[in-house]
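Shown next, in structure tokens, is the structure this report addresses.
What follows is calculated from the coordinates using simple rules that are stated; it is not laboratory data. Because the structure is a prediction, the values reported are computed rather than measured. All Cβ positions, even for glycine, are placed from backbone atoms using ideal geometry, and neighbour counts span all protein chains on display.
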Protein chains: 2
Amino acid sequence: MRIVVVGGVAAGTKAASRAKRVAPDSEVVIYQSEPDISISECGMPYFLSGIIEGRERLVARTPEKFRENGIEVKVRHGVEKVDADAKKLVIRNLESDATFEDSYDRLIIATGAKAVVPPIPGSGLDGVFKLRFLTDADAIERYIGEKEPKNAVVVGGGYIGLEMAEALTERGMGVSLIEAGKEIAPTHGPEVARIVNAHLEEKGVRIYEGNPVEGMEMACEGGDDGCVHVVEFGEARIEASLVIVAIGVKPEVELAKEAGVELGETGAIKTDKFMRTNLADVWAAGDCAETTNYITGEAAWVPLGDTANQMGRVAGTNAAKGENGLAFPGVLGTGIFKAFDLGVGKTGLSEAEANEAGYETLCASVEARNRAGYFPGSAEVFLKMISDKNSGRILGVEAVGASVDKLVDVSATAIWGGLTVGEVVNLDLAYAPPFGPTLSPVIQAATVLSGKSLRSG
Amino acid sequence: MRIVVVGGVAAGTKAASRAKRVAPDSEVVIYQSEPDISISECGMPYFLSGIIEGRERLVARTPEKFRENGIEVKVRHGVEKVDADAKKLVIRNLESDATFEDSYDRLIIATGAKAVVPPIPGSGLDGVFKLRFLTDADAIERYIGEKEPKNAVVVGGGYIGLEMAEALTERGMGVSLIEAGKEIAPTHGPEVARIVNAHLEEKGVRIYEGNPVEGMEMACEGGDDGCVHVVEFGEARIEASLVIVAIGVKPEVELAKEAGVELGETGAIKTDKFMRTNLADVWAAGDCAETTNYITGEAAWVPLGDTANQMGRVAGTNAAKGENGLAFPGVLGTGIFKAFDLGVGKTGLSEAEANEAGYETLCASVEARNRAGYFPGSAEVFLKMISDKNSGRILGVEAVGASVDKLVDVSATAIWGGLTVGEVVNLDLAYAPPFGPTLSPVIQAATVLSGKSLRSG
């Protein structure tokens, strides 16, 4: 049996490894168009900030390692066509530019996501970069080494934009961040966005909200290090020697679509809970695949590395077995990013998302510390919890500050277990002064909400 | 209505505050025999290590603060007798030594726990201390200031003993720790105990396991700073200028017992889930009270500050309402302590405890990192998960290393929600390189156990 995996980052490599483990006698091959495989793409901003030395540290496993485990890896090989009836593929060797055919018994599509390139003048200029693949990071690193830019503009205030604003500040650049929407960190509620905004400005990042970039051009008059980029938006123009465009990603589904794979309402590949597509013997996993929101049951597309890994495990297992062995239960959209000294995390639905999904919500915000107040190094934490007024169930939590990864993970687990705010009030968590306040901010918020429910109920 | 609370640390102050809030027109009074109230007793080792400056920082709220909220606080007042039929109390003013009577409509017993004093010769010597109350910490601090001891013996390898071994090492003393049992950290499994043991020895603590202390005596021949304590155990004798005895605590139940309050099988005050005792209008909460193990349903006594606080909230609310408004669901026995650079945490049942409780168990141990492996400062984590082979439910987790408070709290929440290992495999937690590996060690362990269940099932 031949199992072909298209794509070799989080979902693809995990799916391939699982498939080989579940069906050791099968042939497993990964086609990957980029020159690297098994990349920690989430680590790229930290490679660019300089705190991770050496791009090779971002490569979890080399093609050789996969080969040792019996998995064939073909990098710089782009799959150009899938014939699902004949179970055949057309592949281009991107080094030699030659094409050839392969066939599969089972196919796993893990083509990932691609950066959204804005349709604005100048986005193709030299010195204007996206950050999607390790080759992008290489190009940015090379450019910084050559040009030694003193100023940078980051376009987009989502988590990659914010991580890059930190990274370039750490590299000594003056950074301006332009967010088209009303606020940065747009998947979060306004309370969190404001805290992040204030912290970034404190660290020297200039933030411009509410206007999209309208154009970028080179200006070459004067200036001793040659030309600069001029970024135009709203009423303003900012000059910079480096521009990072990070306005989002979208699922890479062209290959799948042309092969007759059905897409879902999010634009990603529609899958059932076994990660099967509409085509026989074709599974999908990772950033190219749609799943469901665990809370609402609605279609969800959440392109994140840990989710991709989990999906890959399910798809790889089921593809190898040829049956519905494992099920993927959906996602909460749990995520976190670092913005200088802050962690910024979220799980489940924001207040706006919950209201939009039709819930009657109750919200509680608490300001607390990440350790006992008297313990050295204790720092501020803000946490907002959203619950369903009728059932008492926790729908979402946002947190910003120090050690919020713990609070977000506890909240995600509580939602996963269907816990109500009343049940969380007496949740038995671990306390000692170096690790938190006597009662976790999660418990504090649940206690407030529990009181609100009692009063309103 | 007059609500009297006996005891003013975590449970007592919380119960009083809640009672006043729920029934603002009631009189609420706290009698506390120690001179301080609302103490963070868990912070005492850090006061003694010197990293928390000033004992007053351990006082969360002063009697004046309580008075501002309408709660009367009588420190240095010991309640000597409860007449539950007449609803009367006899109280001794420990300053004047005079006694007087008071009466109550509702009584909350929050008398806490007391240190176990071993029946061994010499335990009453000057320079031999327990650490139970802030007054004990004061006495130790004064003694260290006066005598400047260079060597110390800590008797007992539970969490207070281990925290004190760290604290005294930080103060520059050479520390020997004597544990009567087979291993230190006895509530943990042997894997964790061994990691903690090795780490302490690396930090210079000498550990002696397997023999109880048989006696302590003063030896005054020679030595330029006068007499030393000689601690005898097994075949050995250790000399030291300071001895801390931390062999455990037991519930302070004398007052309750004499009043006719029924004790449970653990020796603590028996309560129902509303924190009621067997006597009408008498509740109990905190370290003096017994509850149930959330997993097994068996009687449990877990004297910890956060649990006391949660129990106090339930008892205070119900006492104020005079009805069963809130229920306390029991405990997992979740706990954590710091031992130099390690966190040492546990929730639920250890493997031995689970087997003893009659479960057929599966166990998985994982060694992981607390951040992405390539991220600077990433450190080792050991996690062991115990599951019920039949239901797949998680029964307990132990973890030691960096950032294990998060892993323990996630595990506690998963147990609280009744999650199976299979359900935890795809749990959607927060990932970014600064905060953890792609998949949490909790998910890694659940994945191993899920595989074991499939194979054995």
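How far is B:ASP341 from the same spot in each other copy, in nm, shortest first, if each label point sits 7 Å from Cα toward Cβ?
Distances between equivalent label points, in nm: 2.4.
Take the Cα radius of gyration of segment A:180-252 and divide it by 2.2 N^0.38 Å, with N its residue count; two decimals is plenty. Before the final figure, lay out the partial values.
Details: Rg = 14.9 Å, N = 73, 2.2 N^0.38 = 11.2 Å.
Dividing the Cα radius of gyration by 2.2 N^0.38 Å gives 1.32.
Hey, which aspartates and glutamates would be in cross-link range of A:LYS147, C-alpha to C-alpha under 18 Å, not counting anything within fewer than 8 residues on its own chain?
List returned: A:ASP126, A:ASP136, A:ASP138, A:GLU170, A:GLU217, A:GLU221, A:ASP224, A:ASP225, A:GLU239.
With a sphere of radius 14 Å drawn around the Cβ of B:PHE274, what net charge do the other residues whose Cβ falls strictly inside it have (Lys, Arg +1; Asp, Glu -1)?
Values: positive: B:ARG18, B:ARG106, B:LYS270, B:LYS273, B:ARG276, B:ARG313, B:LYS321; negative: B:ASP272, B:ASP281, B:GLU290, B:GLU323.
Charge balance in the 14 Å sphere: +3.
Lone cysteines in chain B, going by a 4.7 Å Cβ-Cβ cut-off?
B:CYS42, B:CYS288, B:CYS363
Which chain B residue puts its Cβ closest to the axis that rotates B onto A, and at what distance in whole Å?
Closest to the rotation axis on chain B: B:GLY417, 1.
Would you work out which of A:VAL344, A:THR334, B:GLY358 lies farthest towards the positive end of the dipole of the protein assembly as shown? Charges go on Cβ: Lys and Arg +1, Asp and Glu -1.
Value: B:GLY358.
Quick one: with label points 7 Å out along Cα→Cβ, list the inter-copy distances for A:ALA139 in nm, shortest first?
Computed spacing set for this position: 7.3 nm.
Given a cut-off of under 8 Å on Cα pairs at least six residues apart, what relative contact order in percent is computed for chain B? Could the numbers behind the result be given before it?
Values: 1071 pairs, mean separation 63.2, N = 457.
Here the relative contact order equals 14 percent.
Under a no-solvent Debye model with one identical scatterer per Cα of the protein assembly as shown, what's log10 I(q)/I(0) at q = 0.09 Å⁻¹?
Computed log10 I(q)/I(0) values: -0.99.
Dipole of segment B:344-456, Cα-centred, from +1 at each Lys and Arg C-beta and -1 at each Asp and Glu C-beta, to the nearest 20 debye?
Numbers: 9 positive and 12 negative charges, 57 e Å.
It comes to approximately 280 debye.
Express the relative contact order of segment B:344-456 as a whole percentage, based on alpha carbon pairs under 8 Å and six or more residues apart in sequence.
Computed value for segment B:344-456: 30 percent relative contact order.
Ratio to report: Rg/Rh of segment A:344-456, with Cα atoms as the point set and Rh obtained by the Kirkwood method; give two decimals.
Rg/Rh for segment A:344-456 comes to 0.97.
Just report the Cα centroid separation between segment A:322-374 and segment A:101-170, whole Å.
26 Å
Could you give me the ³J(HN,Hα) list for segment B:255-271, computed from phi with Karplus coefficients 6.51, -1.76, 1.60 and θ = phi - 60°, whole Hz, x at Gly and Pro?
The phi angles translate into 4, 5, 4, 5, 7, x, 6, 6, 9, x, 5, 7, x, 8, 5, 6, 10 Hz.
Trypsin sites (Lys or Arg not before Pro) within segment A:99-166: which are DSSP loop residues with at most 14 other Cβ atoms inside 10 Å?
On the way: sites: A:ARG106, A:LYS114, A:LYS130, A:ARG132, A:ARG142, A:LYS147, A:LYS150; in loops: A:LYS130, A:ARG132, A:LYS150.
Those that pass, being in a loop and sparsely packed, are A:LYS150.
Can you pull the mean other chain C-beta count within 10 Å for peptide B:330-337? Mind showing how you got there, number by number?
Values: counts 2, 2, 4, 1, 5, 5, 7, 5.
For this peptide, the per-residue mean of nearby foreign Cβ atoms is 4.
For n ≥ 4 DSSP H runs only, could you compute -39500 (n - 2.57) per run for chain B, divide by its residues and tell me the 222 nm figure to the nearest 500?
Details: 12 runs with 126 residues, N = 457.
It lands at -8000 deg cm²/dmol.
Find which of B:VAL231, B:LEU162, B:GLY210 sits farthest along the positive direction of the dipole of segment B:128-245, computed with +1 on the beta-carbon of Lys and Arg, -1 on that of Asp and Glu, about the Cα centre.
Working it through, the farthest residue towards the positive pole turns out to be B:LEU162.
Would you mind listing the distances between the A:ASP97 label point and the same position in each other copy? Use 7 Å along Cα-to-C-beta, nm, one decimal, shortest first.
10.5
Tabulate in residue order the Karplus-calculated ³J(HN,Hα) for segment B:389-403, using 6.51 cos²θ - 1.76 cosθ + 1.60 with θ = phi - 60°, rounded to whole Hz; enter x for Gly and Pro.
3J(HN,Hα) across segment B:389-403, in whole Hz: 4, 7, 8, x, 5, 6, 9, x, 9, 10, 8, 9, x, 8, 6.
Taking 0.36 nm per intervening residue step and subtracting the Cα-Cα distance, what contour gain separates A:GLU217 from A:ALA86 on full extension? Intermediate values should be presented prior to the final figure.
Details: separation 131, 0.36 × 131 = 47.16 nm, distance 4.88 nm.
Value of the extension gain: 42.3 nm.
Show me, bin by bin at 10 Å from 0, the whole-percent P(r) of chain A based on Cα pairs.
With 10 Å bins starting at 0, P(r) equals 4, 19, 26, 26, 18, 6, 1, 0.
Mean separation of Cα pairs under 8 Å and 6+ residues apart, divided by the residue count of segment B:1-75: what relative contact order is that in percent?
Details: 113 pairs, mean separation 26.1, N = 75.
Relative contact order comes out at 35 percent.
Hand me the GluC sites (Glu not before Pro) from segment A:6-101 located in a DSSP loop with no more than 11 other Cβ atoms within 10 Å, in residue order please.
Numbers: sites: A:GLU27, A:GLU41, A:GLU53, A:GLU56, A:GLU64, A:GLU68, A:GLU72, A:GLU80, A:GLU95, A:GLU101; in loops: A:GLU53, A:GLU95.
Filter output for segment A:6-101: A:GLU53, A:GLU95.
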